[in-house]
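J.: First the structure, which I've put down as structure tokens, then a few questions once you've had a look.
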Amino acid sequence: MGAALLCFSLVEAPTYTISDTVEDFQLINVINSKPVSLSDYANAQGVVIVFTCLHCPYAQLYDDRLIQLHKEYAPKGFPVLAINPTSPRLFPEDSFENMREHARRKRYPFPYLQDDTQKIALRFGAKRTPHVFLLDKNRVVRYIGSIDDNPENARAVSKHFLRDAIQALLRGERPYPETAQAIGCPIRIDKQLQDSTKRR
């Protein structure tokens, strides 16, 4: 209850929608402490941006699926870029050190970035973990939503939203559906963090 008094849902505008072009951004990769920019993927056919975290059980249920998606589609030009938008002040388990340990233990084959000001999550309009934004080669948003329709059981998935969207782009088509409701823990904005960021 105490944490709830210090945070509220990410609802600030403007946020990206389908057909919007995403601006370049740069965040630190916790795995090696080096900066990663969206522009680093200029030669990719697209980018799978997923907002995820450590404290949310839904996000953890999708960990292995994201690793598999990256291994399958990065060679085809669609790498995964994971971003943690959680404030460690509100959720200490999402600290930089814990993120690094988790990424190394799981052997993430993709960068794991810390959105320490929450500005990137706010710009994207990410509301849950996990929340996916699929970009094409021109960095235009082509799909927003969930990875699939069954967080609890990967073997029982009947709708592979993200996989199907990537396949559509590989065929030169527009994904359908273009959106699917993200299922997971609400991303909470740290009001104290935002107030301090505005004063900088």
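J.: Please verify whether Gly145 is buried (at least 19 other Cβ atoms within 10 Å of the Cβ), touching a Cys at 6+ places or on another chain (Cβ under 7 Å), of a type outside the set (A, V, I, L, M) and closer than 21 Å to Ala82 by Cβ, treating the condition exactly as stated.
T.: So Gly145 does not fit the description; no.
J.: Can you give me the number of residues within the range 27-74 that are within 16 Å of Gly184 (Cα to Cα), open to solvent by 20 Å² or more (accessible area, probe 1.4 Å) and in a loop (DSSP other than H, G, I, E, B)?
T.: 2
J.: Can you give me the number of residues within the range 46-74 that are among the hydroxyl-bearing types (Ser, Thr, Tyr) and over 14 Å from Phe110 (Cα atoms)?
T.: 2
J.: In the range 76-125, which residue that is within 15 Å of the chain's Cα centre (by Cα) and basic (Lys, Arg) is surrounded by the fewest Cβ atoms within 10 Å (Cβ to Cβ)?
T.: Among residues in the range 76-125 that are within 15 Å of the chain's Cα centre (by Cα) and basic (Lys, Arg), the one surrounded by the fewest Cβ atoms within 10 Å (Cβ to Cβ) is Lys119.
J.: Please pick out the residue among Gly184, Gly145 that is touching a strand residue (DSSP E or B) at 6+ places or on another chain (Cβ under 8 Å) and in contact (Cβ under 8 Å) with a residue 60 or more places away in the chain.
T.: Exactly one of Gly184, Gly145 is touching a strand residue (DSSP E or B) at 6+ places or on another chain (Cβ under 8 Å) and in contact (Cβ under 8 Å) with a residue 60 or more places away in the chain, namely Gly184.
J.: Are any residues in the range 89-110 in contact with a Cys (Cβ under 8 Å, 6 or more places away or on another chain) and of a type in the set (D, E, K, R), and if so, which ones?
T.: If we filter the range 89-110 for residues that are in contact with a Cys (Cβ under 8 Å, 6 or more places away or on another chain), which is where we start, we get 90-91, 94.
Within the range 89-110, Asp94 is the sole residue that qualifies.
J.: Right, another one. With the condition kept exactly as written, say whether any residue in the range 158-172 is under 12 Å from the mean Cα position of the chain (by Cα) and either on the phi < 0 side of the Ramachandran plot or surrounded by 20 or more Cβ atoms within 10 Å (Cβ to Cβ) (or both).
T.: As a first pass, look at the range 158-172 and keep what is under 12 Å from the mean Cα position of the chain (by Cα): none.
Within the range 158-172, not a single residue is under 12 Å from the mean Cα position of the chain (by Cα) and either on the phi < 0 side of the Ramachandran plot or surrounded by 20 or more Cβ atoms within 10 Å (Cβ to Cβ) (or both).
J.: Could you please tell me which pairs satisfy a Cβ distance under 6 Å, a separation of 6+ or placement on different chains, a first residue in the range 32-50 that is without any contact (Cβ under 8 Å) to a residue 12 or more places away in the chain, and a second residue that is open to solvent by 60 Å² or more (accessible area, probe 1.4 Å)?
T.: Listed by first residue and then by second, the contacts come to Pro35/Gln26; Pro35/Ile28.
J.: Looking only at the range 126-146, which residues are of a type in the set (Val, Ile, Thr) and over 10 Å from the mean Cα position of the chain (by Cα)?
T.: Val140, Val141, Ile144
J.: Restricting the first residue to the range 119-142 and requiring it to be touching a residue at least 12 places away in the same chain (Cβ under 8 Å) and within 19 Å of Gly46 (Cα to Cα), which pairs with a second residue that is assigned to a strand (DSSP E or B) and among the small types (Gly, Ala, Ser) meet a Cβ separation below 7 Å and a spacing of at least six or different chains?
T.: Within 7 Å, the pairs are Val132/Gly145; Leu134/Gly46; Leu135/Gly46; Asp136/Gly46; Lys137/Gly46.
J.: For the range 1-21, which residues satisfy the criterion of being modelled with pLDDT of 95 or more and either closer than 23 Å to Asp148 by Cα or buried (at least 19 other Cβ atoms within 10 Å of the Cβ) (or both)?
T.: Thr15, Tyr16, Thr17, Ile18, Ser19, Asp20
The values are calculated or read from the model by the stated rules, or taken from the named source; none is laboratory data. All values derive from a computational prediction rather than experimental measurement. Methodologically, a virtual Cβ is constructed for each residue, glycine included, from the backbone with ideal geometry; neighbour enumeration extends over all protein chains shown. These area figures cover heavy atoms from the full protein model, side chains too; ligands, DNA and RNA do not enter into them. Shrake-Rupley method; radii C 1.70, N 1.55, O 1.52, S 1.80 Å.
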